[in-house]
Amino acid sequence: MKIFAFAGSSSSTSINHALVAATLKHFRDCTIEFIPLKELEAPLFSVDLEKEQGHPEAAFRFLKSIEEADALICSLAEHNRSYSAAFKNLFDWASRVNVKVFQNKPMLLMSTSPGGYGGGNVMKEASTFFPQFAADIKATFSLPKFHETFDREQGITDEAQKELHLLAIQTFKASIGLP
């Protein structure tokens, strides 16, 4: 089984990237493609630029990675109660190439933030919005208070949150036929 994973943040110290990396340790028997969003940067979307230059390579690479995967794992950064500008821009470009951006692939959708809501606003938005672009969300997980509940070496350190994370992973694995 091939999994395409990404975090919706272009920061080199992304907490969402760290959450995805910790999650992927539970998928050791799978082939993983984990691309930092920074590698998929594209010019700011505009219809004029689209007409002048066409679609950027980053949009095609993102869509190809989704196409070649059997399942998707992502964690979204929350910026001012919504997606990061970097992710939204890539998504906008990709949707101009294929409106079914997520291509009906099963998805584990996650978010985290330093605050107590754990990226809940972006999670709620994505849970409603992504299925309109052919995401098949099988499980979700939101980790609040990242800096208090996560260690970059050990992963999730809060026992209650660790349990919820494992439950989301087990639900997702069961939905895609993994033990």
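Please treat every number below as a calculation from the coordinates, not as lab data. Here the structure is a predicted model, which is why all the values come from computation and not from measurement. In this analysis, Cβ positions are derived from the backbone assuming ideal geometry, glycine residues included, and neighbour counts consider all displayed protein chains.
Descriptive notes on the structure:
- Acute angle (nearest 10 degrees) that the helix 85-97 long axis makes with the longest principal axis of the chain, alpha-carbon atoms: 50 degrees
- Look at the alpha carbon pairs under 8 Å that are at least 6 residues apart: their mean separation over the length of the chain gives a relative contact order of 21 percent.
- Inverse mean reciprocal Cα-Cα distance (Kirkwood Rh) of region 2-175, Å: 16.1 Å
- Point-to-point label distance, Phe133-Arg96, nm (Cα→Cβ direction, 7 Å offset): 1.3 nm
- Three principal axis lengths of region 10-78 [C-alpha, angstrom, descending]: 44, 27, 16
- Beta bridges per DSSP with both ends in region 1-136, % antiparallel, nearest 5: 5 percent
- Highest-first arrangement of 90-97, 167-174, where packing means the average Cβ count within 10 Å: 90-97, 167-174
- Taking the helices alone, the chain has a mean residue ellipticity at 222 nm of -12000 deg cm²/dmol, built from -39,500 (n - 2.57) per DSSP H run of at least 4 residues and averaged over all its residues.
- Label point of Leu49 set 7 angstrom out along Cα-Cβ; within region 66-90, amide nitrogens under 20 Å from it belong to 79, 83-90.
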